[in-house]
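Notes to accompany the following structure.
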């Protein structure tokens, strides 16, 4: 068992420059979601029945929406969920939806529907041969799992679906030639634009897109290998795109390169703000991870590989920093000895999610 890092908890907190509130996170391989204050103290937690796939967040009604990993149709792929569950503040189940191959991301829409990513197992040789890119012969036991985006209503009825096989020209977005062909193409983000079109991010082909919900056509895309794959792609209130650039693609990144958080103008596709470490390699998470633009203009960052959550100003000054003390101490197939975190979120004391719920 690796030694547990004692350098955890709050490392720094510049009260006058940081954004007050409560931070929510779910350590992978643990069965809890934690809400901590600015001093790193746990003020509330939810007990979960199993591993998450891969995170949980608070709805405006104060309930927790989480993806719980199930054993049904386990393809051996990362970030499988299978069971979407809404818990109230006290941990009572309010709503759930089961889709055995749900994975990675999910969002509750304003109308009460829930949108999420799922896999479909493909074994037809014609379909397999039509999927471009990747390392030949690295399919998942003769299959490739392709992505669909599904939207269900509060009764679990499917009301909308978008399928890469039907609605996307995959030849324009091949799997990176250094990556296996187990799935096309590892969607790790399903988010909404300001007008509720759908943002999808694929790690394994360095691609993010916006889908017109009405026509199901791709209305915007970015395929850029120099970001080294990415996570948590989202639209800000100003219409720009914020995302975590992992900086891990072997074609263009080496030991001197780290991760970045980038705000981009989607029209010009030019960066308007970014955060990087100094030196660059001091900030690096080659997988998972996320970011959140706070009302103050600061940015909350999850450097997921190291369980590190920190807040930076627009001038890149770190004003709050916390390292999760929750290391996996049992024999886990993926997370033993780690404290990794997929994403985190900050909520103000007077936000709809928190107000009046903490005593």
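We did not get these values from a lab; they are worked out from the coordinates using the rules stated. In this text the structure is predicted, and so the values were computed from the model without any measurement. Backbone-built Cβ (ideal geometry, glycine too); neighbour counts: all protein chains shown.
Label the range 189-247 by shape, choosing from rounded, prolate and oblate, from the square roots a ≥ b ≥ c of the eigenvalues of the Cα gyration tensor; if a/c is under 1.5 it is rounded, and otherwise prolate applies when a/b is larger than b/c, oblate when it is not. It is oblate, given that a/c is not under 1.5 and a/b is not larger than b/c.
For the range 1-138, the convex hull spanned by the alpha carbon atoms encloses 203 Å³ per residue. Built from the Cα atoms of the range 142-280, the convex hull projects on average onto 10.0 nm², one quarter of its surface area. From largest to smallest, the equivalent ellipsoid semi-axes obtained for the range 253-296 from the alpha-carbon gyration tensor read 21, 14, 10 Å.
Pairwise Cα separations in the range 13-55 fall into 10 Å bins from 0 onward with the following percentages, short to long: 28, 43, 22, 6.
Taking all pairs of different Cα atoms in the chain, averaging 1/r and flipping that mean, what Kirkwood radius in angstroms comes out? Evaluated on the chain, it is 20.8 Å. Taking 7 Å steps out from each Cα toward its Cβ at residue 7 and residue 336 produces label points 2.5 nm apart.
Between residue 171 and residue 71, what length comes free when the chain is fully extended (0.36 nm per residue of separation minus the Cα-Cα distance, one decimal in nm)? Could you put the intermediate results ahead of the total?
Numbers: separation 100, 0.36 × 100 = 36.00 nm, distance 3.30 nm.
32.7 nm is the gain from fully extending residue 171 to residue 71.
Here each label is just a point 7 Å from Cα along the line to Cβ, and for residue 124 and residue 196 those points are 3.2 nm apart.
Ordering 154-160, 141-147 by mean Cβ neighbour count within 10 Å, with the highest value first, yields 141-147, 154-160.
The average projected area of the range 56-102, computed from the convex hull of its Cα atoms over all directions, is 3.3 nm².
Take the Cβ atoms of residue 163 and residue 226, set R0 to 30 Å, and the FRET efficiency comes out at 0.55.
How high is the relative contact order of the chain, in percent, counting Cα pairs under 8 Å that sit 6 or more residues apart? Numbers along the way, then the final one.
Working: 906 pairs, mean separation 57.6, N = 359.
This gives 16 percent for the chain.
With a ≥ b ≥ c the root eigenvalues of the C-alpha gyration tensor of the range 259-359, is it rounded (a/c under 1.5), prolate (a/b larger than b/c) or oblate?
Details: a/c = 1.99, a/b = 1.15, b/c = 1.73.
Cα axes put the range 259-359 in the oblate bin.
Which shape class applies to the range 109-155: rounded if a/c is under 1.5, otherwise prolate when a/b exceeds b/c and oblate if not, where a ≥ b ≥ c are the square roots of the Cα gyration tensor eigenvalues?
Details: a/c = 3.69, a/b = 3.17, b/c = 1.16.
Prolate, because a/c is 1.5 or more and a/b exceeds b/c.
Stokes-Einstein D for the range 83-194 at 4 °C, 1.567 mPa s, Kirkwood Rh over Cα pairs, in µm²/s? Show your work: numbers first, answer last.
On the way: Rh = 15.4 Å.
Stokes-Einstein gives a translational diffusion coefficient of 84 µm²/s.
Over the range 163-211, Cα pairs under 8 Å with separation of 6+ residues give a relative contact order of 29 percent.
Per residue, what volume in Å³ does the Cα convex hull of the range 288-328 take up?
Numbers: hull volume 2.8 nm³, N = 41.
Roughly 69 Å³ of hull volume per residue.
Sorted largest first, the principal axis extents computed over the alpha-carbon atoms of the range 135-190 equal 41, 25, 19 Å. Helical content of the chain, expressed as a calculated mean residue ellipticity at 222 nm, amounts to -500 deg cm²/dmol (DSSP H runs of 4 or more residues, -39,500 (n - 2.57) each, divided by residue number, nearest 500). For the pair the range 161-216 and the range 10-42, the centres of their Cα atoms are 32 angstrom apart.
The Kirkwood radius of the range 61-146, taken over pairs of alpha-carbon atoms, gives through the Stokes-Einstein law at 4 °C and 1.567 mPa s a diffusion coefficient of 88 µm² s⁻¹.
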